[in-house]
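Undergrad: Before anything else, here's the structure in question.
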Amino acid sequence: MRIDIITVLPELLESPFQHSILKRAQTKGLVEIHLHPLRDYSTNKHRTVDDYSYGGGAGMVMCIEPIAKCIDKLKSERTYDEIIYMSPDGEMLDQKMSNQLSTLKNIIILCGHYKGVDERVREHLVTREISIGNYVLSGGELAAAVVCDSIIRLLPGVLNDETSALFDSFQDGMIAPPAYTRPADFNGWKVPDVLLSGNEKEIDKWRHEKALERTKQRRPDLL
Ligand code: ADE
């Protein structure tokens, strides 16, 4: 899979992809992530990419020209399955959407800033708009990192058997059961006996029950 991210703040996106699972996924050649600094596509010598809003009002709006220039260049090099704009009023990200996005080959993610992008970008250039929650971030970069992380961990070969994404919360419509590790007794706080029993069938049954109980308690909307 290849992900091209268009941003005015590439520095903000460097670190999330340089560690742990996301780094390993790139090293293994399972995903390619390319950051495109939008200012490189500015149409003026000051390298600006935003301007005042027509009709007045506070806040700058990101211009269509540099965005179109960058998207056109990328589209001339390969075909894209989706051109995604990160926006708080987009479709809400959930595990089902991450699963679907993880099956795609090439995607572009456009990060917004200021008062958002010129509406014509949304009307004509992007194919999908995604929100990561009902709150407003300062820009789309952190939201883009969340989307990428949730997709990349699902790509075949990224996680090993023990950490398989199949066991993630939400993957089977439930949240994950409680997990414990050593010591079995910490100041009298004990790990449930069944997990120490070695009886796989009983352990599976206990985990399923706990997952169901937790989902009923915390996220009944999932059931
Ligand atoms: N940009 C700003 N806020 C956002 C959000 N909640 N989701 C996606 N992109 C955003």
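The values are calculated or read from the model by the stated rules, or taken from the named source; none is laboratory data. Small disclaimer: the values here were computed from a predicted structure and weren't measured. Cβ: placed from backbone, ideal geometry, glycine included. Neighbour counts: every protein chain shown.
Undergrad: In region 135-178, what residues are in a loop (DSSP other than H, G, I, E, B) and either on the phi > 0 side of the Ramachandran plot or charged (D, E, K, R) (or both)? Please lay out each step first, then the result.
TA: Kept after step one, since they are in a loop (DSSP other than H, G, I, E, B), are these residues of region 135-178: 135-140, 153-164, 168-178.
Across region 135-178, the qualifying residues are Arg153, Gly157, Asp161, Glu162, Asp168, Phe170, Asp172, Gly173.
Undergrad: Sticking with this structure for a sec: When you go through (1) at pLDDT below 95; (2) assigned by TED's automatic domain parsing to the domain that holds Ser76 one by one for Glu162, which number turns out not to apply?
TA: Going through the list (1) at pLDDT below 95; (2) assigned by TED's automatic domain parsing to the domain that holds Ser76, Glu162 breaks only (2).
Undergrad: Considering only region 90-104, I want to know if a residue exists there that is touching a residue at least 24 places away in the same chain (Cβ under 8 Å), more than 12 Å from the chain's Cα centre (by Cα), within 15 Å of the ligand (Cβ to nearest atom) and surrounded by 18 or more Cβ atoms within 10 Å (Cβ to Cβ). Break it down stepwise before answering.
TA: Looking only at region 90-104, we keep the residues that are touching a residue at least 24 places away in the same chain (Cβ under 8 Å), and these are 90-95, 97-99, 101-102, 104.
Right, trim to more than 12 Å from the chain's Cα centre (by Cα) and you get 90-91, 104.
When the remaining residues are screened for being within 15 Å of the ligand (Cβ to nearest atom), the result is 90-91.
Filter again for surrounded by 18 or more Cβ atoms within 10 Å (Cβ to Cβ), leaving 90.
Yes, there is a match, as at least one residue in region 90-104 is touching a residue at least 24 places away in the same chain (Cβ under 8 Å), more than 12 Å from the chain's Cα centre (by Cα), within 15 Å of the ligand (Cβ to nearest atom) and surrounded by 18 or more Cβ atoms within 10 Å (Cβ to Cβ).
Undergrad: To continue, here is another question. Tell me, which residue of region 108-147 that is hydroxyl-bearing (Ser, Thr, Tyr) and within 19 Å of Arg39 (Cα to Cα) is farthest from the ligand (Cβ to nearest atom)? It would help to see each step written out before you state the result.
TA: Going through region 108-147, the residues hydroxyl-bearing (Ser, Thr, Tyr) turn out to be 114, 127, 131, 135, 138.
Within this subset, residues satisfying the condition of being within 19 Å of Arg39 (Cα to Cα) are 114, 138.
Numbers: Tyr114: 11, Ser138: 7 Å.
Among those residues, the one meeting the criterion is Tyr114.
Undergrad: In region 105-134, what count of residues is obtained for those that are assigned to a loop (DSSP other than H, G, I, E, B) and among the hydrophobic types (A, V, I, L, M, F, W, C)? Lay out the reasoning, then the answer.
TA: Taking region 105-134 as the starting set, the residues that turn out to be assigned to a loop (DSSP other than H, G, I, E, B) are 105, 112-116, 118, 126-127, 132-134.
Imposing the further condition that a residue be among the hydrophobic types (A, V, I, L, M, F, W, C) reduces the set to 126, 132.
So the count comes out to 2.
Undergrad: I need every pair where a residue in region 128-144 that is more than 14 Å from Leu9 (Cα to Cα) has its Cβ under 6 Å from the Cβ of a residue that is more than 6 Å from the ligand (Cβ to nearest atom) and part of a loop (DSSP other than H, G, I, E, B), sequence separation at least 6 or different chains.
TA: Ile130/Leu93; Ile132/Leu93
Undergrad: Taking Ala176 and the conditions (1) under 24 Å from Ile3 (Cα atoms); (2) in contact with a Phe, Trp or Tyr (Cβ under 9 Å, 6 or more places away or on another chain); (3) modelled with pLDDT under 95, which numbered condition does it fall short on, given that it satisfies the others?
TA: So the condition that Ala176 fails would be (1).
Undergrad: Then there's this: Within region 190-223, how many residues are within 14 Å of Ser169 (Cα to Cα) and small (Gly, Ala, Ser)?
TA: 1
Undergrad: State whether one or more residues within region 117-127 are more than 19 Å from Ser53 (Cβ to Cβ), surrounded by 18 or more Cβ atoms within 10 Å (Cβ to Cβ) and under 12 Å from the mean Cα position of the chain (by Cα).
TA: There is no residue in region 117-127 that is more than 19 Å from Ser53 (Cβ to Cβ), surrounded by 18 or more Cβ atoms within 10 Å (Cβ to Cβ) and under 12 Å from the mean Cα position of the chain (by Cα).
Undergrad: Whether any residue in region 206-219 is more than 16 Å from the ligand (Cβ to nearest atom), out of contact with any strand residue (DSSP E or B) (no Cβ under 8 Å at 6 or more places or on another chain), of a type in the set (Ser, Thr, Tyr) and farther than 19 Å from Pro16 by Cβ is what I want to check. Please lay out each step first, then the result.
TA: Initial filter on region 206-219 (more than 16 Å from the ligand (Cβ to nearest atom)): 206-219.
If we keep only those that are out of contact with any strand residue (DSSP E or B) (no Cβ under 8 Å at 6 or more places or on another chain) too, we end up with 206-219.
Adding the requirement that they be of a type in the set (Ser, Thr, Tyr) leaves 215.
Next, only the ones that are farther than 19 Å from Pro16 by Cβ stay: 215.
Yes, region 206-219 has at least one match.
Conditions (1) not polar (S, T, N, Q); (2) not assigned by TED's automatic domain parsing to the domain that holds Leu22, marked per residue:
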residue: Ser102; (1), (2): no, no
residue: Gly112; (1), (2): yes, no
residue: Gly116; (1), (2): yes, no
residue: Ile130; (1), (2): yes, no
residue: Val136; (1), (2): yes, no
residue: Ala179; (1), (2): yes, yes
residue: Arg182; (1), (2): yes, yes
residue: Asp193; (1), (2): yes, yes
